[in-house]
Amino acid sequence: MVIQINSQVIHYEHTYCEASHNPPLVLLHGNGEDLHIFDELIFSLRNEYEIYALDSRGHGLSAAPEVLHYRDMAEDVAGFIRQLQIPSPLVVGFSDGGIVALLLAMDHSDLISGIIPCGANTDPKALTFSARHEIKKALKDKLAASRRLDSSKEDPNAVESSTTAAMRLAGTGALEELMLNEPSIAPSDLARISVPALVLTGEHDMVKSSDSKKIAGSIPSAKLVVLKGEDHGSYVVHSTKLGDYIRRFFT
């Protein structure tokens with residue numbers, strides 16, 4: 001299914017659960033991914049929750065803008081909740097999706113009942129040195145490949161006709177530039193969040209533990225859980241491990 005929000009076409013999947021008495025879930029994926037990272041989680045929760053999983057702008061089957069910004073993504077989610085009249089959902093976001101969940105809660109706590117940001121960071125420098133090095137290397141490689149493609153193709157529409165908008169955007173290095181330049185979230189920004197928050201991070205995450213502690217310490221109603229043995233996405237991507245944290249969120 002698709003919906004137009006903020007002049008942007010957003011693709012999403014809706015898993016309806018008639019018998020659910022729980023708040024609806026909104027699931028937000030990470031950088032360079034799509035909603036299908038949550039397939040296993042959705043299947044495990046399908047009889048307990050009504051679930052909405054989105055492809056962020058520039059990802060999956062959603063349209064791609066010229067540039068990407070986390071705040072625009074957060075406004076997309078706010079518009080999505082309003083247009084579909086989703087009653088106070090619990091928003092679960094991974095990595096970039098976790099950043100979006102934080103921004104959404106900072107500006108639109110009235111729309112949601114809580115957030116579970118997983119592996120979110122407040123600043124690019126909150127990523128480990130090795131993670132930033134890998135992102136910079138990926139950006140350099142993509143820019144070089146893009147220059148070679150531009151100089152070699154005779155038909156300027158050749159790539160356009162054979163790939164999705166998100167795939168084209170991914171090839172430009174825009175996803176890496178986003179991670180290297182954004183976000184910039186201060187503790188005072190996080191203090192504006194007025195809904196409960198469960199901050200999850202892996203023991204071996206690419207986000208520095210000090211930043212995860214800062215996020216949890218700055219949100220008035222937040223709890224931090226460090227998942228032993230887990231890395232940045234091992235407990236989220238094609239995993240059902242988030243299920244128990246979601247079930248216990250309001251208990």
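Brief remarks on what is shown
- Considering (1) touching a strand residue (DSSP E or B) at 6+ places or on another chain (Cβ under 8 Å); (2) farther than 18 Å from Ile10 by Cα; (3) in contact (Cβ under 8 Å) with a residue 60 or more places away in the chain, the lone condition that Gly79 does not fulfil carries the number (2).
- All positions within the stretch 18-48 that are at pLDDT below 95 and touching an Asp or Glu at 6+ places or on another chain (Cβ under 6 Å): Ser20
- Qualifying positions in the stretch 100-136 - among the small types (Gly, Ala, Ser) and either out of contact with any Lys or Arg (no Cβ under 6 Å at 6 or more places or on another chain) or more than 16 Å from Leu190 (Cα to Cα) (or both): Ala101, Ala105, Ser109, Ser113, Gly114, Gly119, Ala120, Ser130, Ala131
- Boolean, Pro124 is within 17 Å of the chain's Cα centre (by Cα) and either within 19 Å of Gly173 (Cα to Cα) or surrounded by fewer than 18 Cβ atoms within 10 Å (Cβ to Cβ) (or both): yes
- Only one entry in Ser7, Ser56 is crowded, with 23+ Cβ neighbours inside 10 Å, within 21 Å of Arg168 (Cβ to Cβ) and of a type in the set (Gly, Ala, Ser), namely Ser56.
The values are calculated or read from the model by the stated rules, or taken from the named source; none is laboratory data. Please read all numbers here as calculations on a predicted model, not as lab measurements. Cβ atoms come from the backbone with ideal geometry, glycine included; neighbour counts cover every protein chain shown.
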